[in-house]
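A.B. asks: Before I ask anything, here is the structure I am working with.
The values are calculated or read from the model by the stated rules, or taken from the named source; none is laboratory data. Because the structure is predicted, anything quoted here is derived from the model rather than measured. Every residue, glycine as well, gets a Cβ built from its backbone with ideal geometry; the counts of neighbours run over all protein chains shown. Only protein heavy atoms, including side chains, enter the accessible area calculation; ligands, DNA and RNA are left aside. Shrake-Rupley method; radii C 1.70, N 1.55, O 1.52, S 1.80 Å.
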Amino acid sequence: MTERDAEARAEILARVRQATTDITDKDLESDTPIEWEYGRGIEMDDVVGTFVQKVIDYSATVVRVAPEDVPAAVVDGLKATGADASAVVPAGLDAAWVDAIRAAGIEVRVDDPALSKEVLNDTQAVVTGAACGVADTGTIVLNHLADQGRRAITLVPDRHVCVVLASQVVSDVPEAVQIVKPAVLEGHPLTWISGGSATSDIELSRVDGVHGPRQLYVVVIDDI
């Protein structure tokens, strides 16, 4: 260390000591109490309404329906996105939704046993449930349990019709993390969806569908 370096170091340390002369308790947590609880949300007047608007801001389509209207809304979502021939569904998807898809003349491809990547690539859409929704970011979180299926079926098809309960929507990410934590501890992956898949290169040329479905259609069930 040169003499100049030593002088600079001494000056920096002197300034640090001067700036901390008023700290009498060296325990930072007791000196400055942290009034924050992990997993707590943020204040929000309308959590579900905020979630809906944020998802729409990502150029996704959102409809809010009563529980009894979900099967018809799922079919409407498939047809609205151009998926009128085929859709893959996880094995645990609500049977009434699956029956409605079949009744509409759309081929249902149940991912049990697991479909090949070629079949998934040839399938127009996927229909799933969700683990939760995040209002502040307009994000849908999948933990890939029975009503959502494995990650591949939610990433390969070009369209995604996703059903979210209003009661599953929370205000912020820390709340969502608490909800999906048990699934993570059991080894399940997570997928965080904020609108349709899109990316851009260094020239800001937008390309859709690189990392997942190009189109996202969200059915929010008003169950609260």
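A.B. asks: From the residues in region 85-115 that are open to solvent by 60 Å² or more (accessible area, probe 1.4 Å) and either of a type in the set (A, V, I, L, M) or in contact with a Gly (Cβ under 8 Å, 6 or more places away or on another chain) (or both), which one is farthest from Ser167 (Cα to Cα)?
C.D. replies: Here the residue is Ala114.
A.B. asks: Then there is this: Can you pull out every residue in region 74-84 that is of a type in the set (Gly, Ala, Ser) and closer than 14 Å to Val163 by Cα? Please lay out each step first, then the result.
C.D. replies: The initial filter retains those residues of region 74-84 that are of a type in the set (Gly, Ala, Ser), namely 77, 80, 82-83.
Passing the criteria: only Gly77.
A.B. asks: Which ones in region 169-178 are over 12 Å from the mean Cα position of the chain (by Cα) and either open to solvent by 20 Å² or more (accessible area, probe 1.4 Å) or modelled with pLDDT under 95 (or both)? Working first, answer last.
C.D. replies: We begin by selecting, within region 169-178, every residue over 12 Å from the mean Cα position of the chain (by Cα); these are 171, 174-175, 178.
Those that are over 12 Å from the mean Cα position of the chain (by Cα) and either open to solvent by 20 Å² or more (accessible area, probe 1.4 Å) or modelled with pLDDT under 95 (or both): Pro174, Glu175, Gln178.
A.B. asks: Next up: Quick check: anything in region 22-42 at pLDDT 95 or above and either closer than 24 Å to Gly149 by Cβ or open to solvent by 30 Å² or more (accessible area, probe 1.4 Å) (or both)? Can you show your working first?
C.D. replies: Going residue by residue through region 22-42, those that are at pLDDT 95 or above are none.
Looking for residues that are at pLDDT 95 or above and either closer than 24 Å to Gly149 by Cβ or open to solvent by 30 Å² or more (accessible area, probe 1.4 Å) (or both), one finds none in region 22-42, hence no.
A.B. asks: Residues in region 156-168 that are assigned to a helix (DSSP H, G or I) and surrounded by 16 or more Cβ atoms within 10 Å (Cβ to Cβ): how many?
C.D. replies: Qualifying residue count, region 156-168: 2.
A.B. asks: Right, here's the next one. Within region 124-142, restricting attention to residues that are part of a strand (DSSP E or B) and not β-branched (Val, Ile, Thr), which residue is nearest to Gln215 (Cα to Cα)? Spell out how you get there, then give the answer.
C.D. replies: The initial filter retains those residues of region 124-142 that are part of a strand (DSSP E or B), namely 125-128, 132-134, 139-142.
From the residues that got through so far, the ones that are not β-branched (Val, Ile, Thr) too are 125, 132-133, 142.
On the way: Ala125: 9, Cys132: 19, Gly133: 17, Leu142: 16 Å.
Restricting to residues being part of a strand (DSSP E or B) and not β-branched (Val, Ile, Thr), the top hit is Ala125.
A.B. asks: From the list Val47, Val110, Val88, Val52, which one is touching a helix residue (DSSP H, G or I) at 6+ places or on another chain (Cβ under 6 Å) and modelled with pLDDT of 95 or more? Spell out how you get there, then give the answer.
C.D. replies: Working: Val47 fails: touching a helix residue (DSSP H, G or I) at 6+ places or on another chain (Cβ under 6 Å); Val110 fails: touching a helix residue (DSSP H, G or I) at 6+ places or on another chain (Cβ under 6 Å); Val52 fails: touching a helix residue (DSSP H, G or I) at 6+ places or on another chain (Cβ under 6 Å).
Selected residue: Val88, the only one of Val47, Val110, Val88, Val52 that is touching a helix residue (DSSP H, G or I) at 6+ places or on another chain (Cβ under 6 Å) and modelled with pLDDT of 95 or more.
A.B. asks: Just give me the residues in region 92-121 being in a loop (DSSP other than H, G, I, E, B) and under 23 Å from Asp76 (Cβ atoms), in sequence order. Lay out the reasoning, then the answer.
C.D. replies: Going residue by residue through region 92-121, those that are in a loop (DSSP other than H, G, I, E, B) are 92-94, 104-106, 111-116.
Matches in region 92-121: Gly92, Leu93, Asp94, Ala104, Gly105, Ile106, Asp111.
A.B. asks: Also, I was wondering about something else. Picking from Gly195, Gly129, which residue would you name as being within 21 Å of Val220 (Cβ to Cβ) and modelled with pLDDT under 95? If you could, list the steps in order and put the result at the bottom.
C.D. replies: Values: Gly129 fails: modelled with pLDDT under 95.
Just one listed residue meets the conditions, Gly195.
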